[in-house]
Structures are given as structure tokens and as C-alpha cells.
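Can you read through this structure? Questions will come right after.
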């Protein structure tokens, strides 16, 4: 085993503390957890700094501290598209989320599809966008599980039956996660996010310091690695780099779990303040991306990754190679629950969508208690669907599927983001645009990968490689905007139910 007994004990003790915090959430700022807004949005009462931790947990997922360093290790400088993407995304959030928060507060919305239904007076559009959000979120949950797997793989490295033990540990962890999510809802996840974020920042700092002091730092790393591969972006990759970070930035705040975290703030001022602090996370992300280069300065960690052929082990391998056992246990727990917390957030958001915008449309007379009970069970089901997928599909396939996530979720942009600023769009062209964007996006992904294993999200054009998400949303926008203009010109547009003042005026409640 790469982790000694002291590190293992520390890991288990801190995990027990994390679980206690999760269950304690049901008693923190008590509310009626049989009400969906109380269970799924924590009663909309989170202050600026707690909101900062929660939304940061939405952003700082296994994608950040496992997948990005892995891409940097294997692919070089293209991985650093994630740095400007996180740096600019909060400008998009500041423009859209406070506005969505206000109308959601005024009208009691829990999901973005609640807003779409009233804005465009269309149950059908709300339902298909809700299902789209859930589909996009499932591979994201699977990615969190992949991050947890990476930690367990390192902890059990070299022992017999490691694969079986890993699977058992994942099942037990998700049973515990499902239990405290069912009991505490977003309150428990919020407290867990504070604990998780503190451990992740600790991990980033101590690994960087250890490498700088004992392993020659970045100078050694670049001398061992192919410096040009990591310091220079090839000209052919420039279009892919810019379109990837731009498309990813517009996609992030369309994900259900990100919207869910934003709507949990207690007021618009609180939300703006927490969003203004979120660029701090981009510093941590940039350092984590550098771990894909730093590993070249640490022979032991490099050997582990090369021998297993698994780039997802980059950060966990660094942790056990450069830190003493007890501290490695602390940091590995941070990465492990760094997958659990976002997975819980995503499952809650997906359950809210399925309950409010699918099940309740089928059964409009559903009581609030039954609505919340269904959401609780669905949150557990979504977790185990994603867990099952990881068990039956190759790990790399689960990660490559995540490439589709941004392409799929971007198709919500016209109805959700543009719908916040104009009422001149119509549900029929929006539906056609959604269908065209989704179909074209999926087809282009398959074509770019020659209808075999998924390995890229870029498509070759006359301008070079371009992120497929931007091509698909371009098609969607063209149909949605032109179609809406035609519908309005012939006088066939259906008016929505939301008055414009409801975007700006605080409710009296």
C-alpha cells in the first residue's frame, strides 16, 4: 500500500466527521424538510460566504482536481483552456443568476424549467429542457465517481483484490451519501462543501510547497517533460482552445446543480457578493492544472501513473509521493469527498427537475409532502444510476462521455439565458432550435470520432478545430431567433405569464 496505517486512520476519522456533518445538516437552521424549497434549496437562506463555498463546490469538482490535471499530463497546454474559462464564467453568472434568483423568489421557482414554463407559457418546452438537464448531469456524476475511484486506487495500490475492495467502498460511500442527502438535503451538502473546500485548498498548497522545497519545483518538471508541449500552444490548437473555453463558460451556469446552488442564496445582494468572490477558485484550478506538469519532477508519482496508464491518478499519486502519511490521508480525503459533495448537489438538482417539471406535470395534484418525498428518492436513484454506469463501462468511456455534457446543456441557453432578457421569443422555434442543436451536436461528436470511441469534442472546420458545443448552439440560436421573428411577424406568438417587473422587484414575502 502507498498509504501507511497512520494515513489510513486519518482518512477514516475525517470521513466519519464528514458524514456527521452531513447528517447534522438536518438540524442546522431548521426548516420543514418536507417542503421542496427547504430540502432542495436549503430554504433560500444561505449567506454570502456559505454560498461561496456551496457554489465553489459546484465548480470545484472531480473535473477540476482529477480530469484537468490528467488532460494536462497527457495533452499538454490545451488543458489550460480551463483557466480562462473559470476566469470569465463569473461575469456570465453576475449577468444572469441574480435576475433568475429574483423571478424565482417572486414566483416560488425551484428549477430553471419552472421559469421556462411560465416565461413561454409552454409545459412541453419546460419538460424537454428538464429532461435535457438530467441527461447532461448524469455523466458529470459519473466523473465524480471516477475521481473517488482514483483515490481508492492509490490507497489500495499493490494489494490483492484491490478492484473488488474499491467497488465495495464506492457502494458503501454512496449508500452513506444517499442517506444524509435524503435526510438533510442541501443543508447537509452545504456544510459538507465547506469541509471539502478547505481540504482541497490545503491539498493544493501543501503539494506545491512540497514539490518546490524537495523536488526542484517547476524548473525540474519542465526539464524532464517536453517543455514545448506544455509551454506553447500549437497554432492548430488555437481555435479549439478559444472555442472550448468560451463554450464551456456559457455552459457552466446552465447546469442544474449550478442554478440550484445559486437559487439557495438568501437575496440578490448575497448572491452577487458570493459570485464576486468565486474567481478565487480560478487560482486553485490553475495550480491544479499545473499538477499535470509538476508530476514530472516526482519520479515515484510519475512511475505510478505510467505503470497504470491512468492519468486520473496524477493528483492522488503526487499526494502520496510527496507528503508524509498522515498529511496524505488528509489530502486524499479532500479529493474523495470532493467527488461526493458535487455528486450529491447534482443528484438533488436532477431530482428537483424530474419532480417539479416531469412528475408534477403528469400529476398536478401531487401534495408538497409527496413532491419532496419523490425528489428525495429520485436523488438516490440518480446517484446509483451513475454509479452503475461506472461499474459496467470502461473508465475512459465514462470520462469521454462527459465531453457531451457541455454540448447537451448549451441547448438550454436560448430559453433560459435569453429568456431572462426578452419576451419576444416563442416556444415553438425554441423547441425546434433545441432539437436541431441537440441532434447536430451529437451527430458532429460521432462524426468527429469516426463513430467509434469518444476522444474529442472538436470538429474540423475551415477555421481549424472548433468546439462542437459552439457549432450546435449556433444552429440552435439561428433557428430560435429567426423562427421567433417570423412567428411574431405573423402574429402567432404566445404571450408568457411573467410580468417584466417581476425580474426586478423584490417580493413582499
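The values are calculated or read from the model by the stated rules, or taken from the named source; none is laboratory data. Everything numeric here is computed off the predicted structure, so don't read it as measured data. As a convention, Cβ positions derive from the backbone with ideal geometry for all residues, glycine included, and neighbour counts pool all protein chains shown.
Look at residue 27 and say whether it is closer than 28 Å to residue 277 by Cβ and more than 21 Å from the chain's Cα centre (by Cα). Walk me through how you get there before you give the answer.
Numbers: closer than 28 Å to residue 277 by Cβ: yes; more than 21 Å from the chain's Cα centre (by Cα): yes.
Yes.
For the condition within 30 Å of residue 286 (Cα to Cα) and assigned to a loop (DSSP other than H, G, I, E, B), what is the one hit in 95, 3, 8? Walk me through how you get there before you give the answer.
Details: 95 fails: assigned to a loop (DSSP other than H, G, I, E, B); 8 fails: assigned to a loop (DSSP other than H, G, I, E, B).
Answer to the selection: 3.
Give just the number: which of (1) farther than 30 Å from residue 233 by Cα; (2) touching a helix residue (DSSP H, G or I) at 6+ places or on another chain (Cβ under 7 Å); (3) not in a helix (DSSP H, G or I) does residue 412 not satisfy?
Here residue 412 clears every test but (3).
Can you find, within the stretch 448-460, the residue that is surrounded by the most Cβ atoms within 10 Å (Cβ to Cβ) among those that are without any contact (Cβ under 8 Å) to a residue 24 or more places away in the chain and within 23 Å of residue 235 (Cα to Cα)?
Here is the first cut: in the stretch 448-460, the residues without any contact (Cβ under 8 Å) to a residue 24 or more places away in the chain are 448-452, 459-460.
From the residues that got through so far, the ones that are within 23 Å of residue 235 (Cα to Cα) too are 448-449, 459-460.
On the way: 448: 18, 449: 16, 459: 20, 460: 13.
The extreme case among them is 459.
A further question follows. Looking at the stretch 99-113 only, could you name the residues that are surrounded by 21 or more Cβ atoms within 10 Å (Cβ to Cβ) and either free of Cβ contacts under 8 Å to residues at least 12 places away in the same chain or under 22 Å from residue 424 (Cβ atoms) (or both)? Step through it out loud before you land on a result.
Step one: list which residues in the stretch 99-113 are surrounded by 21 or more Cβ atoms within 10 Å (Cβ to Cβ), which gives 100-101, 103-104, 109-113.
100, 103, 104, 109, 112, 113, listed by residue number.
Okay, next question. From the list 497, 465, 478, pick out the single residue that is surrounded by fewer than 18 Cβ atoms within 10 Å (Cβ to Cβ) and touching a helix residue (DSSP H, G or I) at 6+ places or on another chain (Cβ under 6 Å).
497
Working carefully through the options 286, 317, 249, find the one that is surrounded by fewer than 24 Cβ atoms within 10 Å (Cβ to Cβ), within 16 Å of residue 68 (Cα to Cα) and at pLDDT 90 or above.
On the way: 286 fails: at pLDDT 90 or above; 317 fails: surrounded by fewer than 24 Cβ atoms within 10 Å (Cβ to Cβ).
Answer to the selection: 249.
Next up: Being within 21 Å of residue 192 (Cα to Cα), in contact (Cβ under 8 Å) with a residue 40 or more places away in the chain and under 15 Å from the mean Cα position of the chain (by Cα) is true for just one of 284, 261. Which residue is that? Let's see the steps before the verdict.
Values: 284 fails: under 15 Å from the mean Cα position of the chain (by Cα).
Result of the check over 284, 261: 261.
Of the residues in the stretch 441-463, how many are assigned to a helix (DSSP H, G or I) and under 13 Å from residue 404 (Cβ atoms)?
Start the filter on the stretch 441-463 by keeping residues that are assigned to a helix (DSSP H, G or I), which leaves 441-448.
Those left that are additionally under 13 Å from residue 404 (Cβ atoms): 441-446, 448.
Summing the residues that are assigned to a helix (DSSP H, G or I) and under 13 Å from residue 404 (Cβ atoms) in the stretch 441-463 gives 7.
Can you work out which of the residues in the stretch 295-315 that are more than 19 Å from residue 217 (Cβ to Cβ) and without any contact (Cβ under 8 Å) to a residue 60 or more places away in the chain is nearest to the chain's Cα centre (by Cα)?
Selected residue: 309.
Any residue at all in the stretch 184-197 that's more than 23 Å from the chain's Cα centre (by Cα), modelled with pLDDT of 85 or more and either surrounded by fewer than 20 Cβ atoms within 10 Å (Cβ to Cβ) or under 30 Å from residue 46 (Cβ atoms) (or both)?
Keep residues of the stretch 184-197 that are more than 23 Å from the chain's Cα centre (by Cα), which gives none.
The answer is no, given that none of the residues of the stretch 184-197 is more than 23 Å from the chain's Cα centre (by Cα), modelled with pLDDT of 85 or more and either surrounded by fewer than 20 Cβ atoms within 10 Å (Cβ to Cβ) or under 30 Å from residue 46 (Cβ atoms) (or both).
Of all the residues that make up the stretch 199-219, how many are touching a residue at least 60 places away in the same chain (Cβ under 8 Å) and either within 24 Å of residue 82 (Cα to Cα) or loosely packed, with under 13 Cβ neighbours inside 10 Å (or both)?
Filtering the stretch 199-219 down to residues touching a residue at least 60 places away in the same chain (Cβ under 8 Å) leaves 199-204, 206-208, 210-211, 214-218.
Going one step further and asking which of them are either within 24 Å of residue 82 (Cα to Cα) or loosely packed, with under 13 Cβ neighbours inside 10 Å (or both), we end up with 199-204, 206-208, 211, 214, 217-218.
Residues that pass the stated criteria total 13.
Further question: Any chance you could count how many residues in the stretch 238-269 are outside any helix (DSSP H, G or I) and farther than 23 Å from residue 471 by Cβ? Can you show your working first?
Within the stretch 238-269, the first condition is being outside any helix (DSSP H, G or I), and the residues that meet it are 253-255, 264-267.
Narrowing the set further to residues that are farther than 23 Å from residue 471 by Cβ leaves 264-267.
The number of residues fulfilling the criteria is 4.
Additional query: Of (1) within 27 Å of residue 92 (Cβ to Cβ); (2) within 19 Å of the chain's Cα centre (by Cα); (3) touching a residue at least 24 places away in the same chain (Cβ under 8 Å), residue 268 satisfies all except one. Which?
(2)
So, in the stretch 318-355, how many residues would count as being over 21 Å from residue 173 (Cβ atoms) and in a helix (DSSP H, G or I)?
First, the residues of the stretch 318-355 that are over 21 Å from residue 173 (Cβ atoms): 318, 321-327, 352-355.
Still in the running and in a helix (DSSP H, G or I): 318, 321-322, 325-327, 352-355.
So the answer is 10.
Would you tally the residues in the stretch 41-67 being modelled with pLDDT of 85 or more and more than 19 Å from residue 257 (Cα to Cα)?
So the answer is 0.
Collect the residues in the stretch 145-168 that are in contact (Cβ under 8 Å) with a residue 60 or more places away in the chain and either assigned to a loop (DSSP other than H, G, I, E, B) or in contact with a strand residue (DSSP E or B) (Cβ under 9 Å, 6 or more places away or on another chain) (or both), keeping them in residue-number order. Break it down stepwise before answering.
Step one: list which residues in the stretch 145-168 are in contact (Cβ under 8 Å) with a residue 60 or more places away in the chain, which gives 145-159, 167.
If the condition is that a residue be in contact (Cβ under 8 Å) with a residue 60 or more places away in the chain and either assigned to a loop (DSSP other than H, G, I, E, B) or in contact with a strand residue (DSSP E or B) (Cβ under 9 Å, 6 or more places away or on another chain) (or both), then 156, 157, 158, 159 are the ones that fit.
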